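The values are calculated or read from the model by the stated rules, or taken from the named source; none is laboratory data. Keep in mind that what you see is a predicted model, and the values were worked out from it rather than measured. Cβ placement follows ideal geometry from the backbone for every residue including glycine, while neighbour counts extend to all protein chains displayed. Side chains are part of the model used for accessible areas, which takes the heavy atoms of the whole protein and leaves out ligands, DNA and RNA. Shrake-Rupley method; radii C 1.70, N 1.55, O 1.52, S 1.80 Å.
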Amino acid sequence: ICQRTATGPECEYDGTPNPVPGDGPSVAPSTAPVLDVRLPDGSVIALAEHQPLDIGRHSANRHMAAALRDYDGVSRRHATLTVSGCEVIVVDHNSSNGTRVNGIPVHSEARESLASIRTVQLGRHAVLHLSRHSLP
């Protein structure tokens, strides 16, 4: 279900119905994983909504830092990835070698539908593969 706040009858990104205000109980944002980020070494980071993921060779996430440490084209603090409602937001932090979302260069920030985002490329060689979180 799209958890994006909207005034229309359905989510503008994936067409899921938006609840009518005041109709039914209030639902708090989920902390359950919604996005899987597959790193170049094959490991996967499950990302929850509104949980920013720092991407780079010096990422606070040890799995991210370890997977990217040998990629010279990846900056120490390359980009940040966040899920917000039906969107994935990718912010490039003025990286030296650039960031691409689904092959399109990101100049500062890119917003892509959760349903359509597939890859985030860092520099020329490091590629993160994104998909909706799969339940075990």
If you go through the range 109-120 one residue at a time, do you hit one that is more than 27 Å from ALA32 (Cβ to Cβ), in contact with a strand residue (DSSP E or B) (Cβ under 9 Å, 6 or more places away or on another chain) and outside any strand (DSSP E or B)? no
Result of the Cβ filter at 8 Å on the range 105-129, keeping first residues that are in contact (Cβ under 8 Å) with a residue 12 or more places away in the chain and under 23 Å from ALA65 (Cβ atoms) and partners that are of a type in the set (Phe, Trp, Tyr) and surrounded by 15 or more Cβ atoms within 10 Å (Cβ to Cβ), at least 6 apart or interchain, is LEU122/TYR71; GLY123/TYR71; HIS125/TYR71; ALA126/TYR71
Modelled with pLDDT of 95 or more and within 24 Å of ALA32 (Cα to Cα), is that true of ILE104? no
Qualifying residue in the range 66-81 (condition: among the polar types (S, T, N, Q), more than 23 Å from ARG132 (Cα to Cα) and open to solvent by 10 Å² or more (accessible area, probe 1.4 Å)): yes
Could you list, in sequence order, the residues of the range 88-99 that are under 11 Å from ARG111 (Cβ atoms) and either crowded, with 19+ Cβ neighbours inside 10 Å or aromatic (Phe, Trp, Tyr) (or both)? VAL88, VAL90
